[in-house]
Amino acid sequence: MAVLPIRIMGDPILHSVAAPVDEITDEIRALVADMYETMDAAPGVGLAAPQVGVGLRIYTYSYQDDHGAPWRGEIINPELWMRPLEPGVPDPDEESEGCLSFPGERFPLRRSPAVHVTGTDLVGDPVDIRVNGWCARIMQHEFDHLDGILYVDRLDDGDWKTVQKIARKRGWGRPGAQWTPGIDELDA
Ligand code: ZN
């Protein structure tokens, strides 16, 4: 197992639609093990395969709220349904999210309050998840990665301009930028 470098906004694989997994091979099992290790090292609440340079429809997630048991898993070839977004402006305190592929920043974004996700796990067993709130946000964020969408792509114009400014300053927004948890210090 290994902690993998995480691609940063501008790397073409983050902006491309990922391909379905045909067969769960040893290579896929090794990739998912590395994704868990990378996600935990970052640390992050989710990680999609394109973020570590693999254009396949796989993501891992890991979250624990104040009361609940740890909620963790991997989903291969997910499908996602969501309740329509509620109208209004997102609350910066309650509705801000971040991304390991735009590290060190958070911006408010309205997400659907409830999702239903299906797919399979690494053994090939069906996954069927219905979640609300922050867990639903994680599912939407990671699913977006498989369609080549970063959460910053969904921000309003003002925040998008800020994103562009930050990217320019840090040399992001073009191919080749990446960071490795535990090795690269990030200036948040
Ligand atoms: Zn992300």
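Is it the case, given these coordinates, that residue 89 is surrounded by fewer than 17 Cβ atoms within 10 Å (Cβ to Cβ) and either modelled with pLDDT of 95 or more or farther than 24 Å from residue 30 by Cβ (or both)?
yes
Note on segment 40-55: among residues that are part of a helix (DSSP H, G or I) and within 10 Å of the ligand (Cβ to nearest atom), the one that is nearest to residue 17 (Cα to Cα) is 50. The number of residues in segment 65-86 being crowded, with 16+ Cβ neighbours inside 10 Å and aliphatic (A, V, I, L, M) comes to 4. Name every residue in segment 124-148 that is touching a Cys at 6+ places or on another chain (Cβ under 9 Å), away from the ligand (no atom under 11 Å from the Cβ) and not in a strand (DSSP E or B), in order of residue number. Matches in segment 124-148: none.
Quick check on segment 20-28. Is at least one of its residues of a type in the set (S, T, N, Q) and touching a residue at least 60 places away in the same chain (Cβ under 8 Å)? The answer is no; no qualifying residue exists. For segment 149-169, a residue qualifies if it is within 12 Å of the ligand (Cβ to nearest atom) and either assigned to a loop (DSSP other than H, G, I, E, B) or on the phi > 0 side of the Ramachandran plot (or both), and the qualifying residues are 149, 150.
Flag not set for residue 184, criterion: part of a helix (DSSP H, G or I) and free of Cβ contacts under 8 Å to residues at least 12 places away in the same chain. The listed residues are 14, 4, and the only one of them that is in a helix (DSSP H, G or I), touching a Gly at 6+ places or on another chain (Cβ under 8 Å) and within 16 Å of the ligand (Cβ to nearest atom) turns out to be 14. Taking into account only those residues within segment 135-161 that are among the aromatic types (Phe, Trp, Tyr) and within 13 Å of the chain's Cα centre (by Cα), which is nearest to residue 21 (Cα to Cα)? Going through the qualifying residues, I end up with 143.
Among the residues of segment 92-123, those identified as assigned to a strand (DSSP E or B), away from the ligand (no atom under 12 Å from the Cβ), surrounded by fewer than 19 Cβ atoms within 10 Å (Cβ to Cβ) and not small (Gly, Ala, Ser) are 108, 116, 118, 120. If only residues of segment 114-128 that are without any contact (Cβ under 8 Å) to a residue 40 or more places away in the chain and in contact with a helix residue (DSSP H, G or I) (Cβ under 7 Å, 6 or more places away or on another chain) are counted, the one that is farthest from residue 56 (Cα to Cα) is 114.
The values are calculated or read from the model by the stated rules, or taken from the named source; none is laboratory data. Treat the numbers as computed from the prediction; the structure is a model and nothing was measured. Note: ideal-geometry Cβ built from the backbone for every residue, glycine included; neighbour counts use all protein chains shown.
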